[in-house]
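Beneath this line is the structure, given in structure tokens, with notes to follow.
The values are calculated or read from the model by the stated rules, or taken from the named source; none is laboratory data. What you are looking at is a predicted structure, and each value in this text was computed from that prediction instead of being measured. Cβ placement follows ideal geometry from the backbone for every residue including glycine, while neighbour counts extend to all protein chains displayed.
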Amino acid sequence: MKFVSFSTTNFPRPHLGMIQDSEVLDVDLAAHALTIIGPDQMLELVEDYEKGKLVLQAILDKAAGRRFSEVKTFASIGAVHDVTEVQLAAPILRPRKNIVCLGLNYADHARESDEATGRSTTTLEAPIFFTKAPTTVNGPYGDIVIDPTVSEQVDWEAELAVIIGKKGKNIREEDALEYVFGYTVLNDVTARDLQSRHKQYFKGKSIDGYCPMGPWIITADEIADPQQLPIRLRVNG
């Protein structure tokens, strides 16, 4: 399944939507139409997906393979929107904790970074971890404010974002994907001059709005092999 956080003119607060073809269904409104209580926010769904799936299945059962707009129960109460007519926010508006990231996680990117800085080829014996503050989260089409008095070397990196759906510690490698709720994309925007000046990642990567995310989350059951997903980023079109 595919989920978004969206708002409309009548409901300006971003809330949970389910995507089907080119339509967005307001999950909370649809659930109320079926006299059940559904999740209103993405984090509610992620943190209790087993409960949320029961609500979602009831909605899909009511649709019975039809487009959401063809289901009078949903369409008559304004629960269905064309995706082009809503405002899409970051799928997760404000993470509970910092966004955990891996540095130099792609071999090609590591080589590119080494060539750009004149370093010898990097060989990592262990992963490099860093974090971005929750306040960096930005909508998928939100403006990235670049202040030249703060940084004159703003960089971009398209990344696959993994949404963790279950709590756990000391998880075995072979069990890791069982804890994944789904996937989205994000732009790891970085002030490279700040990163170099302060000799660490956090400050240069945690400027407000430096983590555009989305537009949606696709659940893990629809991604057979996340290692095979192509990721592209275009600069200025």
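Residue count for the stretch 1-23 satisfying the condition of being within 13 Å of residue 59 (Cβ to Cβ) and touching a residue at least 40 places away in the same chain (Cβ under 8 Å): 7. Meeting the requirement of 2 or more residues that are free of Cβ contacts under 8 Å to residues at least 12 places away in the same chain and touching a His at 6+ places or on another chain (Cβ under 7 Å), no helices (runs of 4 or more DSSP H) wholly within the stretch 24-110 can be named. One residue stands out among those in the stretch 190-205 that are touching a strand residue (DSSP E or B) at 6+ places or on another chain (Cβ under 7 Å) and basic (Lys, Arg): the one that is nearest to residue 137 (Cα to Cα), which is 205. Figure legend. Inter-residue proximity from the stretch 222-237: first residues surrounded by 10 or more Cβ atoms within 10 Å (Cβ to Cβ), second residues among the basic types (Lys, Arg) and at pLDDT 90 or above, beta-carbon distance below 8 Å, spacing 6+ or different chains. Indicated pairs: 222/2. If you go through the stretch 129-145 and keep only what is surrounded by fewer than 18 Cβ atoms within 10 Å (Cβ to Cβ), more than 14 Å from the chain's Cα centre (by Cα) and part of a loop (DSSP other than H, G, I, E, B), you end up with 143, 144, 145.
Could you tell me whether the stretch 186-205 includes any residue that is closer than 15 Å to residue 231 by Cα and not polar (S, T, N, Q)? Within the stretch 186-205, one or more residues are closer than 15 Å to residue 231 by Cα and not polar (S, T, N, Q). Evaluation of residue 208 against the conditions (1) in contact with a helix residue (DSSP H, G or I) (Cβ under 6 Å, 6 or more places away or on another chain); (2) under 17 Å from residue 140 (Cβ atoms); (3) surrounded by 18 or more Cβ atoms within 10 Å (Cβ to Cβ) shows that the sole unmet condition is (3). A single member of 150, 162 is assigned to a strand (DSSP E or B) and touching a helix residue (DSSP H, G or I) at 6+ places or on another chain (Cβ under 8 Å), and it is 162. A Cβ distance below 6 Å, combined with a sequence gap of six or more or placement on separate chains, defines the contacts here; from the stretch 135-154, residues that are more than 19 Å from residue 236 (Cβ to Cβ) reach residues that are in a loop (DSSP other than H, G, I, E, B) and not small (Gly, Ala, Ser) in the pairs 135/208; 136/210. Residue 43 - would you say it is surrounded by 12 or more Cβ atoms within 10 Å (Cβ to Cβ) and either under 28 Å from residue 227 (Cβ atoms) or touching an Asp or Glu at 6+ places or on another chain (Cβ under 7 Å) (or both)? Judged against the criteria, residue 43 is a match. So how many residues does the stretch 76-103 have that are surrounded by fewer than 16 Cβ atoms within 10 Å (Cβ to Cβ) and over 20 Å from the mean Cα position of the chain (by Cα)? Residues that pass the stated criteria total 5.
Restricting the stretch 150-201 to residues that are out of contact with any Phe, Trp or Tyr (no Cβ under 7 Å at 6 or more places or on another chain) and aromatic (Phe, Trp, Tyr), the residue that is surrounded by the most Cβ atoms within 10 Å (Cβ to Cβ) is 183. Just name the residue that is farthest from the chain's Cα centre (by Cα) out of those in the stretch 1-30 that are of a type in the set (Gly, Ala, Ser) and surrounded by 22 or more Cβ atoms within 10 Å (Cβ to Cβ). Taking the candidates together, the pick is 30.
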